[in-house]
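Take a look at the structure set out below.
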Amino acid sequence: MPVINVANACATGSTAFREAWMSVASGAYDVAMAIGSEQMGKMGLLGADGASREYSTEGVMGTGLMPGVFGQAGVEHMRKYGTTQEQFAKVAVKNHKHSVNNPYAQYRIETPLEDVLNARPIAWPNTLYMCCPTGDGAAAAVLMSAEKAKQFTQNPVWVAASVLTSDPYTPRNPTMFDINTLTRNASTEAYQKAGIGPEDLDMVELHDCFATAELLHYENLQLCGEGEAGHMIDEGATYVGGKIPVNASGGLLSKGHPLGATGVANIVEIVWHLRGEAGARQVEGAKTGLAHVIGLGSACTIHVLKK
Amino acid sequence: MTQEAATAAEKKPNPIVPFMKLPEKYPDEPAYLWGVVCNNCGAKYLGHRTACGNCGSTGPFEETRFGDEGEIYSFAVVHQTVPGLEAPYVAAIVDLDDGVSVRANVYGLDISKPGPEWFGKRVKMFTEKVRVDREGNDIIAAKFKVTDGK
């Protein structure tokens with residue numbers, strides 16, 4: 001039984017899931033398992049980070065640290081559309097509220113808007129509660145062919161689309177990482193492959209490594225129009241019970257972001273909802289869900305799952 | 001000549017990034033950022049390039065010296081950083097007038113009041129010794145200060 005080790009930055013777990021999916025979809029195997037795990041206390045995949053090297057440019061020629069990088073991405077959105085720090089902060093309010101119902105979340109505390117805005121600044125506009133915490137974690141998913149699945153269940157969850165994209169050329173990248181274009185390309189491809197549109201989704205688990213990132217991905221995943229993400233969070237459309245629940249799990253802001261585990265865990269979360277097994281955080285009647293991850297450098301995975 | 005004096009004479013300042021050059025007479029002659037332009041499509045890059053990310057051309061690339069002025073495109077104010085660094089600092093993306101972007105610390109802003117008024121601020125490059133390497137050579141970084149056209 002072959003074992004493949006995968007490393008693809010924050011998209012490691014979801015890339016492993018995709019490798020397992022391809023193994024089964026190609027007919028090479030009828031059952032495959034994707035396991036994601038990470039001990040962030042030991043720096044995990046970030047162990048090779050250059051921040052402590054003699055020639056590190058950190059703090060003397062800008063930043064390569066993630067809170068700042070995703071801060072800059074959010075600030076670019078402010079520049080284009082007038083988005084405010086308060087709108088970004090509302091993402092943290094929502095996700096932490098969702099986390100209260102998730103026993104697998106690292107933090108299960110509500111953070112009202114005032115608390116988020118007054119929390120210790122990490123990299124403006126992101127405050128402490130707008131950054132994912134450091135934590136260990138693991139998740140696993142078993143994939144099998146349709147025929148094999150019949151032996152175990154009459155109601156399988158289907159992988160309707162599995163997509164992996166990398167960066168096309170955009171002028172400032174990688175001086176300023178472009179987290180948008182590859183996600184847009186991936187979502188377009190995923191909707192085509194799944195034969196659905198964003199309006200057909202019942203829930204989304206997306207890559208909220210920082211609160212700034214989540215708002216950008218509303219537009220990148222076509223959940224709203226260009227420049228409308230701020231309005232979307234103001235309206236509360238992405239709360240459980242809203243038009244399109246995003247990060248019902250509490251997101252990475254609450255669960256933590258053990259890189260290898262993240263991509264598998266958000267697929268598992270969708271599966272639990274589609275099976276009606278998500279407990280108090282259940283998105284009622286969920287039939288179709290989308291799991292999204294990006295890893296800088298860059299890789300974006302999107303999986304569309306259907307009941 | 002003593003051993004110490006000999007070592008001192010051999011020391012020379014080095015740029016912190018490969019896309020920065022220090023002339024022989026640095027600091028009397030200023031350091032500058034350099035890069036390449038794709039002859040096929042005109043895409044510009046900091047430093048060397050073996051193939052163009054935009055058009056796929058493998059060259060030739062024309063080496064070019066970038067000017068030292070530009071403006072702030074985006075930024076973050078980093079408060080939490082690696083041990084040994086002073087914070088907070090403004091970590092910006094500076095669009096140089098010559099058509100390429102660079103990560104940069106920017107000085108001369110009221111760091112307690114980040115906001116949209118920082119977009120498009122005119123900035124000019126300066127260089128500074130930021131540390132010393134194992135052999136005792138000065139490491140030089142490029143930084144930017146707000147000029148507002150002055």
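The values are calculated or read from the model by the stated rules, or taken from the named source; none is laboratory data. Everything quoted here is computed from the prediction, not taken from an experiment. Positions of Cβ are backbone-derived with ideal geometry, glycine not excepted, and every protein chain shown enters the neighbour counts.
For the range A:47-61, check the following and say yes or no: at least one residue is modelled with pLDDT under 95, within 14 Å of chain B (Cβ to nearest Cβ), surrounded by fewer than 19 Cβ atoms within 10 Å (Cβ to Cβ) and touching a Pro at 6+ places or on another chain (Cβ under 9 Å). Yes: one or more hits.
Among the residues of the range A:159-172, is any under 24 Å from A:Thr84 (Cα atoms) and crowded, with 21+ Cβ neighbours inside 10 Å? Can you show your working first?
First pass over the range A:159-172, keeping only residues under 24 Å from A:Thr84 (Cα atoms): A:172.
From what is left, the residues that are crowded, with 21+ Cβ neighbours inside 10 Å are none.
Checking the range A:159-172: not a single residue is under 24 Å from A:Thr84 (Cα atoms) and crowded, with 21+ Cβ neighbours inside 10 Å.
Restricting attention to the range B:38-58, the residues that are within 20 Å of A:Pro168 (Cβ to Cβ), more than 10 Å from every other protein chain (Cβ to nearest Cβ) and in contact with a strand residue (DSSP E or B) (Cβ under 8 Å, 6 or more places away or on another chain) add up to 3.
Out of A:Glu199, A:Glu214, A:Glu205, I need the residue that is of a type in the set (D, E, K, R), closer than 18 Å to A:Leu305 by Cβ and buried (at least 24 other Cβ atoms within 10 Å of the Cβ). Which one?
Values: A:Glu199 fails: buried (at least 24 other Cβ atoms within 10 Å of the Cβ); A:Glu214 fails: closer than 18 Å to A:Leu305 by Cβ.
Every option except A:Glu205 fails the conditions.
When the range A:268-306 is examined, which residues are found to be of a type in the set (D, E, K, R) and either over 16 Å from A:Ala160 (Cβ atoms) or in a loop (DSSP other than H, G, I, E, B) (or both)?
If we filter the range A:268-306 for residues that are of a type in the set (D, E, K, R), which is where we start, we get A:269, A:275, A:277, A:281, A:284, A:287, A:306.
The answer is A:Glu269, A:Arg275, A:Glu277, A:Arg281, A:Glu284, A:Lys287.
Do we find that A:Thr175 is within 14 Å of chain B (Cβ to nearest Cβ), in a loop (DSSP other than H, G, I, E, B) and under 30 Å from B:Gly47 (Cα atoms) in this structure? So A:Thr175 passes the test. Of all residues in the range B:89-98 being farther than 16 Å from A:Met66 by Cβ and touching a Phe, Trp or Tyr at 6+ places or on another chain (Cβ under 8 Å), which is farthest from the other protein chains (Cβ to nearest Cβ)? Filtering the range B:89-98 for residues that are farther than 16 Å from A:Met66 by Cβ and touching a Phe, Trp or Tyr at 6+ places or on another chain (Cβ under 8 Å), the one farthest from the other protein chains (Cβ to nearest Cβ) comes out as B:Asp98.
Looking at A:Leu290, A:Leu274, A:Leu252 in this structure, which one is of a type in the set (A, V, I, L, M) and more than 17 Å from the chain's Cα centre (by Cα)? The match here is A:Leu274. Take the residues of the range A:78-97 that are in contact with a helix residue (DSSP H, G or I) (Cβ under 6 Å, 6 or more places away or on another chain) and of a type outside the set (A, V, I, L, M, F, W, C): which is surrounded by the most Cβ atoms within 10 Å (Cβ to Cβ)? If we take residues in the range A:78-97 being in contact with a helix residue (DSSP H, G or I) (Cβ under 6 Å, 6 or more places away or on another chain) and of a type outside the set (A, V, I, L, M, F, W, C), then A:Asn95 is surrounded by the most Cβ atoms within 10 Å (Cβ to Cβ). Scanning the range B:101-122 for residues that are at the interface with chain A (Cβ under 8 Å from one of its Cβ atoms), within 19 Å of A:Val69 (Cβ to Cβ) and either part of a loop (DSSP other than H, G, I, E, B) or over 21 Å from the mean Cα position of the chain (by Cα) (or both) yields B:Pro114, B:Phe119. Looking only at the range B:66-100, count how many residues are touching a residue at least 40 places away in the same chain (Cβ under 8 Å) and in a loop (DSSP other than H, G, I, E, B). Number satisfying all stated conditions: 4.
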